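The values are calculated or read from the model by the stated rules, or taken from the named source; none is laboratory data. As the structure is a computational prediction, the values presented were derived from the model and not from experiment. Using ideal geometry, Cβ is built from the backbone for each residue, glycine included, and neighbour counts are taken over all protein chains shown. Remember, those area values only see protein heavy atoms, side chains included, never the ligands or the DNA or RNA. Shrake-Rupley method; radii C 1.70, N 1.55, O 1.52, S 1.80 Å.
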Amino acid sequence: MAGPKTGSKIQIHSYKHDGHLHRVWDNSLVLKGTESIVISANDKTLVTESDGRTWVTREPAISFFHARYWFNIIGMLRDDGIYYYCNISSPFVYDYEALKYIDYDLDVKVYPDMTYDLLDEDEYEEHKLKMNYPDVLDRILHNNIEYLLRWVRQRKGPFAPDFVDQWYERYLTYR
């Protein structure tokens, strides 16, 4: 299946392992869309939680999704630098309704100086038991955390200098 068309607006749907919808982002602009990579941008986007609550994102963000890696990366442009929020998740699928992935609770927050924190380990352990994550999934997710942290240390992919800024500049040409 092809990826979303460059220049199109899409929704992003995050699910939990048991299949229930977790979170929806409206109106992300696709800056690059292929079968294996989607780079999108949004700013002041409406987000709807599974319980119906809504909020609006505070700053421009560039999101990176890959069809092979078990994580996605959101680079948020703030006054004091770029902060990254990395969801440990299934690879994305795109079905013309939305770009979709399963969120596996674990997150990595990366600061402008490239230091990082692993977040929500307790939530992961709770959901692992509640939703019966198989051992093979646990290994895949932890291996992908290591892979992601290697990208951070090596300033690879979305962590490369200028990656987020260059895609943000492209986003501005659409506005």
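Considering region 114-129, and only residues there that are in contact (Cβ under 8 Å) with a residue 24 or more places away in the chain and open to solvent by 60 Å² or more (accessible area, probe 1.4 Å), the residue that is nearest to residue 87 (Cα to Cα) turns out to be 118. Out of curiosity, is residue 167 without any contact (Cβ under 8 Å) to a residue 12 or more places away in the chain, among the aromatic types (Phe, Trp, Tyr) and open to solvent by less than 50 Å² (accessible area, probe 1.4 Å)? So residue 167 does not fit the description; no. Residues that are within 20 Å of residue 166 (Cα to Cα), open to solvent by 60 Å² or more (accessible area, probe 1.4 Å), in contact with a Leu (Cβ under 8 Å, 6 or more places away or on another chain) and charged (D, E, K, R) do occur in region 9-20, at least one of them. Looking only at region 63-81, residues that are surrounded by 22 or more Cβ atoms within 10 Å (Cβ to Cβ) and touching a residue at least 60 places away in the same chain (Cβ under 8 Å) come to 5 in all.
With respect to the conditions (1) open to solvent by 30 Å² or more (accessible area, probe 1.4 Å); (2) free of Cβ contacts under 8 Å to residues at least 40 places away in the same chain; (3) not basic (Lys, Arg), residue 151 falls short on a single one, namely (1). Filtering 94, 111, 101 for residues that are modelled with pLDDT of 95 or more, open to solvent by less than 70 Å² (accessible area, probe 1.4 Å) and either more than 22 Å from residue 10 (Cβ to Cβ) or hydrophobic (A, V, I, L, M, F, W, C) (or both) leaves a single hit, 111. Where strands (runs of 3 or more DSSP E) fall wholly inside region 22-82, the ranges with 3 or more residues that are within 24 Å of residue 113 (Cβ to Cβ) and modelled with pLDDT of 95 or more are 61-66, 71-78.
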